[in-house]
Structures are given as structure tokens and as C-alpha cells.
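Below: the structure, in C-alpha cells.
Where a number appears in this text, it was derived from the coordinates with a stated rule and is not lab data. Everything numeric here is computed off the predicted structure, so don't read it as measured data. We place every Cβ from the backbone using ideal geometry, glycine too, and count neighbours over all the protein chains shown.
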């Protein structure tokens with residue numbers, strides 16, 4: 001009888017651990033998403049992190065693509081490069097006393113004309129160091 005009781009307790013304990021893990025995962029996704037949306041990129045190396053993450057997502061675990069100067073990097077599709085360039089310019093641009101924050105940056109980004117980009121345009125090589 002003690003073995004059955006132990007089995008019942010072990011089963012209930014396993015189920016509660018599963019519930020705890022699921023609750024943790026759901027809360028992490030929800031709160032993590034909120035944090036991502038309300039925390040603007042601030043570090044000087046954010047573009048390098050983005051480029052490297054994009055490269056890894058494309059399967060480039062060990063950087064293989066190189067330009068004529070031997071710098072490793074990633075090929076960004078033209079449309080992605082256009083958005084990347086917009087935010088790169090904001091990041092490296094001088095913030096004057098008229099700087100109104102990232103709220104205005106996102107308004108400017110979404111109100112801009114995306115321009116005519118050819119669907120078959122070749123990707124743009126961007127060194128992992130950014131720029």
C-alpha cells in the first residue's frame with residue numbers, strides 16, 4: 001500500500017511540475033514580449049547582435065560569407081536591408097535637443113514609403129560588425 005501511495009504522490013508531483021513548467025513558459029512568452037516591445041534598442045552593438053542572430057537563423061553558425069576585404073558578414077534581402085539601414089541611421093545619428101524618442105522613430109518608420117524594391121534584387125552583404 002505504501003508503494004501505491006508513493007506512486008500516486010510521484011504522479012501528482014510530476015503533473016504539478018508539468019503545470020509549473022507550462023505556466024513558466026507562458027508567462028515568459030507574455031512578459032518577454034512586453035519587455036521587447038517597451039524596451040528600445042540602446043546599445044552601440046545592437047546591429048551586430050541582430051546581424052549575427054540573422055546569420056545563425058539562416059544556418060550560418062560559423063561565418064562563411066566574406067567580402068573583398070575579408071570581413072565576415074551576412075547577405076540581407078533588399079527589403080530587410082532597407083529597414084535595417086533606417087534603424088542603423090537612427091542609432092548612429094546624433095541625438096539633438098529636438099530628439100523626441102523612439103516613439104517618433106517608429107512613427108517615421110511606419111509612415112515612410114517603402115519604395116520600389118524588385119523582388120529578384122540580389123541581397124546586400126553587410127559585415128557582422130554592422131554598417
For region 42-131, shape from the Cα gyration tensor axes a ≥ b ≥ c, cut at a/c of 1.5 then a/b versus b/c, turns out oblate
The FRET efficiency for residue 111 and residue 19, from their Cβ-Cβ distance with R0 = 41 Å and rounded to 0.05, is 0.35
Placing each pseudo-label 7 Å from Cα in the direction of the beta carbon, residue 39 and residue 95 end up separated by a distance in nanometres of 1.6 nm
